[in-house]
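*Asks:* Encoded as structure tokens, here's the structure I'll be asking about.
Values quoted throughout were computed directly from the atomic coordinates according to the rules given, and no laboratory measurement underlies them. Keep in mind the model is a prediction, meaning the values are calculated, not measured. So basically every Cβ, Gly included, is an ideal-geometry build from the backbone, and we count neighbours across all protein chains shown.
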Amino acid sequence: METVLSGIRPTGNLHIGNYYGAVTSFVRLQEEYKCFFFIADWHSLTTHPKPEDIRRSTRTILAEYLACGIDPQKSTIYIQSDVKEVLELYLYLNMNAYLGELERVTSFKEKARKQPDNVNAGLLTYPTLMAADILIHRANKVPVGKDQEQNMEMARLYANRFNNKYGKEYFPIPQSFSLVGQGVKIPGLDGSGKMGKSEGNCIYLCEEPSSIRKKVMRAVTDAGPQALNSEKPEVIQNLFTLLSVVSPKETYDYFDEKWNDMTLRYGDLKKQLAEDLINTLAPIRERILDFSSDTERLDRIALEGAEKAHESAAKTIRDVREIIGFRV
Ligand code: ATP
Ligand code: MG
């Protein structure tokens, strides 16, 4: 069975863009692959977060992924910093990673430009740590967005370099696995094309109903349909896209017909959309609150995940030490 690995950034709460664009696909992948999901807390150190923020955000994101259906019985979900073997592999990979190629990575250059007073070595070697995350479980597939494509190239480079250096096809060459086409792109309600944390236009999975209502009622619209059966402008299409995700087909068709015969009142559409969003999110929100309230259970799940991940990682490290010429 092929192994899939995905890193989770411990930043902020999950929004419905994350959910429909990525997390629902992860939940499906669990059925077909051996899956590892890890919370990338070492990676987050490049920006020097406070200890209490690390602890809180790690638990939050763990609770949310579990609430969405990542199942610790089917997958291995763990916190990166619990599996110290990753660091040993990181060191070995760094010995064969060269300054020039690391400096040429676009995301490094961008970050160096944006934060000139914090161009730390961790930022530079982000691609080798990511390669270590992947190779430690000898993963075959990594679901990533376009922005991670270059880091995946680097992971393949380091896997190949190791294999060639020691004349052994030890590491599988990890392939990017596109979730695009599987998930939907969730638009923003502010007229922008995409919902995103940086865009500041998110509806969060754990959001309270009253707050969802407010956000939806404030969604940007226009003067209304100007002709029968006209094409929808982007801001209106955005509302319909959301409707297509959370409402029954009859509801979508009902409002679509009203649009086409020019009798649509945006207020009605928004009210319905808000209620359908609230109903769709209700069970997820309830599970998030449930998991979040029980930190002991969360810590236990994290520990069990770490044990499973450790088992897989320790095997790789034993092999790698032997290949390199160290005592095992
Ligand atoms: P940031 O603004 O910091 O980039 P984000 O809100 O875009 O954050 P990411 O952490 O970049 O979220 O994305 C996590 C996952 O969710 C990725 O797989 C990404 O493709 C997916 N995703 C994020 N926003 C959307 C969206 N609006 N529609 C579909 N998928 C999304
Ligand atoms: Mg993003």
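*Asks:* Please work out whether segment 209-289 counts as rounded, prolate or oblate from its C-alpha gyration tensor, where a ≥ b ≥ c are the square roots of the eigenvalues and a/c under 1.5 means rounded, while otherwise a/b larger than b/c means prolate and anything else oblate? Intermediate values should be presented prior to the final figure.
*Replies:* Values: a/c = 2.73, a/b = 1.94, b/c = 1.40.
Here segment 209-289 falls in the prolate category.
*Asks:* Something else: Calculate for the chain the 222 nm mean residue ellipticity that helices alone would give, adding -39,500 (n - 2.57) per DSSP H run of length 4 or more and normalising by residue count, nearest 500 deg cm²/dmol. List each step's numbers first, then the result.
*Replies:* Working: 14 runs with 179 residues, N = 328.
Mean residue ellipticity, 222 nm, calculated: -17000 deg cm²/dmol.
*Asks:* With +1 on the Cβ of every Lys and Arg and -1 on the Cβ of every Asp and Glu, and nothing else charged, how large is the dipole of segment 209-289 about its Cα centre, in debye rounded to the nearest 20?
*Replies:* Dipole size: approximately 540 debye.
*Asks:* Which of the peptides 291-298, 53-60, 110-117 is most tightly packed, and how do the rest follow, going by the mean number of other Cβ atoms within 10 Å of each residue? Walk me through the numbers before you get to the answer.
*Replies:* Details: 291-298: 13.9, 53-60: 16.8, 110-117: 11.1.
In decreasing order of mean packing, 291-298, 53-60, 110-117 become 53-60, 291-298, 110-117.
*Asks:* Give me the percent of DSSP beta bridges within the chain that run antiparallel, rounded to the nearest 5. Could the numbers behind the result be given before it?
*Replies:* On the way: 1 of 16 bridges.
Percentage antiparallel, nearest 5: 5.
*Asks:* When we measure straight from the Cα of Lys232, which aspartates and glutamates land under 18 angstrom away, once same-chain ones fewer than 8 places off are left out?
*Replies:* Within the straight-line limit of under 18 Å, Lys232 reaches these aspartates and glutamates: Asp190, Asp222, Asp253, Asp256, Glu257, Asp261, Asp268.
*Asks:* Hey, another quick one. Set Lys and Arg Cβ to +1 and Asp and Glu Cβ to -1, take the dipole of the chain about its Cα centre, and tell me which of Gly305, Ser247, Cys68 lies farthest positive.
*Replies:* Ranked along the dipole, the leading option is Gly305.
*Asks:* Sticking with this one: For the chain, find the longest principal axis of its Cα atoms and tell me its angle to the long axis of helix 234-246, 0 to 90°, nearest 10.
*Replies:* Roughly 70 degrees, rounded to the nearest 10.
*Asks:* To the nearest 10 degrees, how steeply does helix 85-95 sit against the main Cα axis of the chain, on a 0 to 90 scale?
*Replies:* For 85-95 against the chain, the angle is about 70 degrees.
*Asks:* Specify whether the C-alpha gyration tensor of the chain places it in the rounded, prolate or oblate class, a ≥ b ≥ c being the square roots of the eigenvalues: rounded for a/c under 1.5, otherwise prolate if a/b is larger than b/c and oblate if not. All intermediate terms of the calculation are to be shown ahead of the outcome.
*Replies:* Values: a/c = 2.27, a/b = 1.93, b/c = 1.18.
It comes out prolate by the Cα gyration axes.
*Asks:* Anyone know which of His137, His48, His15 comes out most mobile in the 10 Å Cα GNM of the chain?
*Replies:* The residue with the greatest mean-square fluctuation here is His48.
*Asks:* In whole Å, how far is the Cα centre of segment 226-274 from that of segment 98-163?
*Replies:* 43 Å
*Asks:* Among rounded, prolate and oblate, which fits segment 31-165 when a ≥ b ≥ c are the square roots of the eigenvalues of its C-alpha gyration tensor, a/c under 1.5 means rounded, and a/b larger than b/c means prolate? It would help to have the intermediate numbers written out before the result.
*Replies:* Details: a/c = 1.86, a/b = 1.22, b/c = 1.52.
In terms of gyration-tensor shape, oblate.
*Asks:* Quick check: the angle from helix 51-68's long axis to the longest principal axis of the chain, C-alpha only, nearest 10 degrees?
*Replies:* 60 degrees
*Asks:* Using the crude model of +1 on Lys and Arg Cβ and -1 on Asp and Glu Cβ, and no other charge, please compute the dipole size for the chain relative to its Cα centre, in debye to 20.
*Replies:* Values: 43 positive and 45 negative charges, 153 e Å.
Computed charge dipole of the chain: roughly 740 debye.
*Asks:* Where the convex hull is taken over the Cα atoms of segment 86-190, what is its projected area averaged over directions, in nm²? Kindly include the intermediate steps, with their values, before the conclusion.
*Replies:* Numbers: hull surface 34.1 nm².
About 8.5 nm², averaged over all directions.
*Asks:* Follow-up. Which residues' amide hydrogens lie under 5 Å from the amide hydrogen of Ile79, considering only partners 5 or more residues apart or on another chain, with H built in the peptide plane?
*Replies:* Amide H neighbours of Ile79, under 5 Å, 5+ apart: Ile39, Ala306.
*Asks:* On to the next question. Select from Leu135, Leu62, Leu87 the residue whose mean-square fluctuation is largest in a Gaussian network model of the chain (Cα-Cα springs shorter than 10 Å).
*Replies:* For the chain, modelled as a Gaussian network with Cα springs under 10 Å, the answer is Leu87.
*Asks:* For segment 184-196, take each phi angle, set θ = phi - 60°, evaluate the Karplus expression 6.51 cos²θ - 1.76 cosθ + 1.60, and give the result in whole Hz per residue in order, putting x for glycine and proline.
*Replies:* With coefficients 6.51, -1.76 and 1.60, one gets 9, 7, 8, x, x, 9, 9, x, 7, x, 9, 7, x Hz.
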